[in-house]
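Chemist: I have a structure here, written as structure tokens, and I will follow up with some questions on it.
The values are calculated or read from the model by the stated rules, or taken from the named source; none is laboratory data. All values derive from a computational prediction rather than experimental measurement. Positions of Cβ are backbone-derived with ideal geometry, glycine not excepted, and every protein chain shown enters the neighbour counts. Areas reflect the complete protein model, heavy atoms only, side chains present, ligands, DNA and RNA absent. Shrake-Rupley method; radii C 1.70, N 1.55, O 1.52, S 1.80 Å.
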Amino acid sequence: MTDLLRLWRWAGRVPAGERAFSFVFGRRAPYFASIRPRFTVIEPHHAELLIRDRRRVHNHLGTVHAIALCNGLEAAMGALAEASIPSGRRWIPKGMQVAYTAKATSDITCVAETDPSAWSSGDPEVEVRVRGVRDDGTVVIEGVITLWVTDRQPVRT
């Protein structure tokens with residue numbers, strides 16, 4: 001079990017632990033803190049977080065900004081990758097392709113999913129499916145984030 005997954009499971013057992021986890025996640029990768037993600041699910045091959053519909057993430061139309069949505073999708077993907085990656089491997093995002101399918105007019109749940117077989121296929125590219133969903137179930141953004149997964153290099157002493 002990865003360190004991130006172990007921390008997430010511990011956080012779920014203490015009062016306000018999920019909020020504390022989300023705060024610490026944003027401190028570790030400061031740009032993610034700009035959307036104040038609230039993680040709700042982290043498990044191998046699946047992660048979800050919530051972006052609250054607040055003025056700080058709005059565009060000029062008063063809806064959740066497209067880049068805030070992408071930020072949430074990438075944060076969810078990062079949690080999924082950390083929870084899913086086999087030991088001795090490392091990952092880095094290689095690319096993101098998304099389509100904006102509706103206005104983001106409510107809180108948005110960002111979802112990242114992948115297939116377990118993708119991590120062991122031998123192909124260094126792993127595709128993570130991502131989507132953002134409004135409170136009413138409407139998908140407002142969807143796409144794929146491609147990861148580059150390689151063996152971790154031994155630490156030199």
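Chemist: If I filter the stretch 122-157 down to residues being touching a residue at least 40 places away in the same chain (Cβ under 8 Å) and among the hydroxyl-bearing types (Ser, Thr, Tyr), which single residue comes out as surrounded by the fewest Cβ atoms within 10 Å (Cβ to Cβ)?
Modeler: It comes out as 150.
Chemist: Would you check which residues across the stretch 35-82 are hydroxyl-bearing (Ser, Thr, Tyr) and over 21 Å from residue 11 (Cβ atoms) and list them? Show your work before the answer.
Modeler: Quick first cut of the stretch 35-82, residues hydroxyl-bearing (Ser, Thr, Tyr) only: 40, 63.
Across the stretch 35-82, the qualifying residue is only 63.
Chemist: Please tell me if residue 91 is in contact with a Pro (Cβ under 8 Å, 6 or more places away or on another chain) and either closer than 23 Å to residue 151 by Cβ or surrounded by fewer than 19 Cβ atoms within 10 Å (Cβ to Cβ) (or both).
Modeler: Values: in contact with a Pro (Cβ under 8 Å, 6 or more places away or on another chain): no; either closer than 23 Å to residue 151 by Cβ or surrounded by fewer than 19 Cβ atoms within 10 Å (Cβ to Cβ) (or both): yes.
Criteria not met by residue 91.
Chemist: Another question about this same structure. When you scan the stretch 1-81 for helices (runs of 4 or more DSSP H) that lie fully inside it, which ones turn up with 2 or more residues that are surrounded by 12 or more Cβ atoms within 10 Å (Cβ to Cβ) and in contact with a strand residue (DSSP E or B) (Cβ under 7 Å, 6 or more places away or on another chain)? Break it down stepwise before answering.
Modeler: Numbers: elements: 3-11, 17-28, 30-33.
By residue number, 3-11, 17-28.
Chemist: Would you confirm, using the coordinates I've provided, whether residue 119 is of a type in the set (Phe, Trp, Tyr) and touching a residue at least 40 places away in the same chain (Cβ under 8 Å)?
Modeler: Details: of a type in the set (Phe, Trp, Tyr): yes; touching a residue at least 40 places away in the same chain (Cβ under 8 Å): no.
No; evaluated as a whole, the condition is false for this residue.
Chemist: Turning to a different aspect of this structure: If you check every pair at least six apart or on different chains, which have Cβ atoms under 7 Å apart with a residue in the stretch 35-49 that is at positive phi first and a residue that is in a loop (DSSP other than H, G, I, E, B) and surrounded by 16 or more Cβ atoms within 10 Å (Cβ to Cβ) second?
Modeler: Qualifying pairs under 7 Å: 45/114.
Chemist: For the stretch 88-106, give me the residue count where each residue is touching a residue at least 60 places away in the same chain (Cβ under 8 Å) and not in a strand (DSSP E or B). Show your work before the answer.
Modeler: Let us first name the residues in the stretch 88-106 that are touching a residue at least 60 places away in the same chain (Cβ under 8 Å), namely 88-90.
Of the ones still in play, those that are also not in a strand (DSSP E or B) are 88.
Adding up the residues that qualify gives 1.
Chemist: If residue 63 satisfies every condition in (1) farther than 18 Å from residue 148 by Cβ; (2) under 14 Å from the mean Cα position of the chain (by Cα); (3) among the polar types (S, T, N, Q) but one, which is the exception?
Modeler: If we test residue 63 against (1) farther than 18 Å from residue 148 by Cβ; (2) under 14 Å from the mean Cα position of the chain (by Cα); (3) among the polar types (S, T, N, Q), just (2) comes out false.
Chemist: Related question: Residues to consider are 118, 83, 112, 79; find the one that is under 12 Å from residue 45 (Cβ atoms) and at pLDDT below 95.
Modeler: Numbers: 83 fails: at pLDDT below 95; 112 fails: at pLDDT below 95; 79 fails: at pLDDT below 95.
The conditions single out 118.
Chemist: I would also like to ask the following. Within the stretch 42-60, track down each residue that is of a type in the set (Val, Ile, Thr) and either farther than 15 Å from residue 4 by Cα or more than 10 Å from the chain's Cα centre (by Cα) (or both). Outline the logic, then answer.
Modeler: The initial filter retains those residues of the stretch 42-60 that are of a type in the set (Val, Ile, Thr), namely 42, 51, 57.
Correct list: 51, 57.
Chemist: A follow-up question, please. Could you please let me know if residue 106 is hydroxyl-bearing (Ser, Thr, Tyr), open to solvent by less than 80 Å² (accessible area, probe 1.4 Å) and over 19 Å from the mean Cα position of the chain (by Cα)?
Modeler: Criteria not met by residue 106.
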